[in-house]
Amino acid sequence: REQIPDMLKMLLEERFHLVVHRATVDQAAYALVLAKNGPKLKEPSELDRSACEEWGDAGGPVGSGNQVCRTQQVVGDHTVNVMMMTNSAWGPMVSATSRGEFAETHGEYYKITMATLAKLLTSTLSSPAGGPGAGSLIQVTDRTGLSGDWHVVLDRSFGEGLALPTVAASLEKQGLRLERNTVPVEKLFVDKVDKVPTEN
């Protein structure tokens with residue numbers, strides 16, 4: 001298994017004449033910081049498991065004990081898909097997704113640190129329907145200075161160009177904001193590659 005990456009690299013170089021180089025470039029990033037009037041976050045709380053009936057094993061790391069429950073609710077003319085998890089990568093959480101003109105998600109994270117929230121925001125904004133440069137990594141770093149767990153609400157829309165402004169508006173209601181900056185990132189650039197490999 002350890003030899004496979006080197007063998008694949010050699011194959012691409014010999015058969016496809018692949019030429020690459022690495023370079024460090026500045027990439028758009030965001031810092032999660034406190035808003036002017038400070039945080040308005042809720043204290044951490046417990047997930048209400050009684051809101052969902054059929055719980056099952058969600059998988060994940062051995063020993064995580066992560067349980068999941070999925071259900072549907074009808075709200076007006078929309079069907080809302082609800083997923084609750086007891087111990088996800090983001091801690092206990094509930095996510096409610098509805099589809100109208102755009103997909104909209106209301107997420108509640110009952111015990112999440114600011115560092116973990118920054119990772120969640122990186123994942124959210126780096127999705128194909130995310131912010132500027134959709135499909136690429138939009139890195140978010142925690143610079144709030146807040147320690148401990150918090151109950152965070154995150155509303156977002158996945159329409160084109162809507163994820164970033166809707167996430168930012170949701171954070172601002174809780175006394176947080178995203179501050180634009182850049183970070184140096186090492187990238188791999190392909191200089192040359194043949195479409196057809198040489199014969200064996």
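Key figures
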| read-out | value |
| --- | --- |
| Index of the failed condition, residue 59 passing every other in (1) over 22 Å from the mean Cα position of the chain (by Cα); (2) loosely packed, with under 10 Cβ neighbours inside 10 Å | (1) |
| Residue among 93, 83 that is touching a residue at least 40 places away in the same chain (Cβ under 8 Å) and under 30 Å from residue 178 (Cβ atoms) | 93 |
| Residues of the range 49-67 satisfying the condition of being part of a loop (DSSP other than H, G, I, E, B) and at pLDDT 90 or above | 55 |
| Answer from 22, 70 - the residue that is of a type in the set (D, E, K, R), out of contact with any Ser or Thr (no Cβ under 9 Å at 6 or more places or on another chain), in a strand (DSSP E or B) and under 28 Å from residue 181 (Cβ atoms) | 22 |
| Total residues in the range 34-50, condition more than 17 Å from residue 145 (Cα to Cα), free of Cβ contacts under 8 Å to residues at least 60 places away in the same chain and not acidic (Asp, Glu) | 2 |
| Test for residue 46: is it outside any loop (DSSP other than H, G, I, E, B), of a type in the set (Asp, Glu), within 19 Å of residue 154 (Cα to Cα) and modelled with pLDDT of 90 or more | no |
| Of residues in the range 126-179 being at pLDDT below 95 and among the hydroxyl-bearing types (Ser, Thr, Tyr), the one least open to solvent (accessible area, probe 1.4 Å) | 157 |
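Listed here are the residues, each with its yes/no results for (1) closer than 23 Å to residue 148 by Cβ; (2) touching a residue at least 60 places away in the same chain (Cβ under 8 Å); (3) among the polar types (S, T, N, Q).
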residue	(1), (2), (3)
59	no, no, no
69	no, no, no
72	no, no, yes
78	no, no, no
87	yes, no, yes
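Conditions tested, residue by residue: (1) touching an Asp or Glu at 6+ places or on another chain (Cβ under 9 Å); (2) under 30 Å from residue 184 (Cα atoms).
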site	(1), (2)
11	no, no
15	yes, no
24	yes, yes
29	no, yes
35	yes, yes
47	yes, no
54	no, no
58	no, no
69	yes, no
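The values are calculated or read from the model by the stated rules, or taken from the named source; none is laboratory data. Only a predicted model underlies this, so the values are computations on that prediction, with no experimental measurement involved. In this analysis, Cβ positions are derived from the backbone assuming ideal geometry, glycine residues included, and neighbour counts consider all displayed protein chains. For accessibility, only protein heavy atoms count, side chains too; no ligands or nucleic acids. Shrake-Rupley method; radii C 1.70, N 1.55, O 1.52, S 1.80 Å.
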